[in-house]
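**Student:** Quick one: this structure, given as structure tokens, is what I'll be asking you about.
The values are calculated or read from the model by the stated rules, or taken from the named source; none is laboratory data. This one's a predicted model, so the numbers in the text were calculated from it and none came from an experiment. Here Cβ is always computed from backbone atoms with ideal geometry, including for glycine, and neighbour counts include all displayed protein chains. Calculation scope for accessible area: heavy atoms of the full protein, side chains included, ligands and nucleic acids excluded. Shrake-Rupley method; radii C 1.70, N 1.55, O 1.52, S 1.80 Å.
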Amino acid sequence: MTSKIGPANGKIIVAPSILSADLWHLGQDVQTVREAGADWLHVDIMDGHFVPNLSFGPATVKSLNGRAQLPLDVHLMVRRPMQFIASFAKAGADMLTVHIEAEDDIKEALLTIKKLGVGAGLSLKPDTDPARLEPFLDLLDLVLVMTVQPGFGGQSFLPSSPQQIASVRQAITQSGRRIWLEVDGGINAQTAREAAKAGADALVAGNAIFAAADPKKALLDIRQAATI
Ligand code: DX5
Ligand code: ZN
């Protein structure tokens with residue numbers, strides 16, 4: 001993979017989601033999490049079809065590229081990812097994650113991402129059977145396990161999540177490949193620990209960081225709780 005998102009070396013990755021940042025001062029919020037030790041920046045893209053919400057587009061990624069000084073982990077919650085992959089790659093995405101439930105040919109989408117020199121991720125909604133990952137494992141740099149129904153920040157980590165994470169961890173281990181297992185939705189210090197115990201090595205957190213009185217402390221608490 002030619003992106004800046006490299007191997008974990010046992011460290012838990014924390015990826016703050018700017019969905020919960022205050023866009024009035026996005027640059028300042030990004031700087032705060034970078035200074036607190038954020039590893040990646042998670043950028044949620046919503047098209048109003050795959051999920052009932054809208055968020056950012058390639059222009060947002062382009063503004064962050066270079067200036068954020070963090071790898072850009074772009075989560076495409078869109079029905080037709082093929083339409084957007086090239087624009088996000090050009091804008092500076094380091095990882096592009098598509099949903100396995102999207103309506104395009106998933107293999108083609110992953111191959112397109114890789115051809116553009118970007119890390120390729122595949123995401124599962126909470127009710128999606130992890131067995132569906134199997135045909136794609138050879139192409140993946142990351143699996144993103146959704147631990148809430150995608151679409152909105154600030155929801156609660158679903159109780160079924162540790163089981164889902166553990167199944168994905170097992171599939172990754174069996175593949176013998178180095179693939180990140182990222183968890184997204186309702187992550188705070190408590191659920192970060194549950195996710196890490198179940199096998200996560202990268203954690204997305206939006207509300208728990210950006211809505212906290214002290215975002216730096218919130219980020220450090222999440223990392224500490226997940227370091228087991
Ligand atoms: C939800 C998004 C998440 C969201 C997480 O659809 O994919 O990345 O920002 O937010 P919290 O951490 O608030 O659940
Ligand atoms: Zn996300």
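**Student:** Place the peptides 178-188, 109-119, 157-167 in order of packing, highest mean first, counting for every residue the other Cβ atoms within 10 Å and averaging per peptide.
**Tutor:** The peptides rank, most packed first, as 178-188, 109-119, 157-167.
**Student:** Here's another thing I want to ask about it. May I ask you to give the percent of accessible area on the chain that is carbon plus sulfur, with a probe radius of 1.4 Å?
**Tutor:** Ligands and nucleic acids excluded, carbon and sulfur give 50 percent.
**Student:** Taking a virtual spin label 7 Å from the Cα of Leu54 along the C-beta vector, which residues in the range 72-99 bring their backbone nitrogen under 20 Å of it?
**Tutor:** Residues 75-85, 87-88 qualify, since their backbone N sits under 20 Å from the label point.
**Student:** While we're looking at this one, here's another question. Rounded to the nearest 20 debye, what is the charge dipole size of the range 1-159 about its Cα centre when +1 sits on each Lys and Arg Cβ and -1 on each Asp and Glu Cβ?
**Tutor:** About 440 debye.
**Student:** How much accessible area per residue does the chain have, in Å², with a 1.4 Å probe?
**Tutor:** 44 Å²
**Student:** Ok, one more. Who wins for biggest fluctuation among Ala211, Ala93, Ala200 in a Gaussian network model of the chain, springs between alpha carbons below 10 Å?
**Tutor:** Between Ala211, Ala93, Ala200, it is Ala211 that shows the largest mean-square fluctuation.
**Student:** Set the bar at 29 Å for Cα to Cα. Now go through Lys115/Lys216; Lys62/Lys216; Lys107/Lys216; Lys62/Lys115; Lys114/Lys217; Lys11/Lys217 and name every pair that lies beyond it.
**Tutor:** Lys115/Lys216; Lys107/Lys216; Lys114/Lys217
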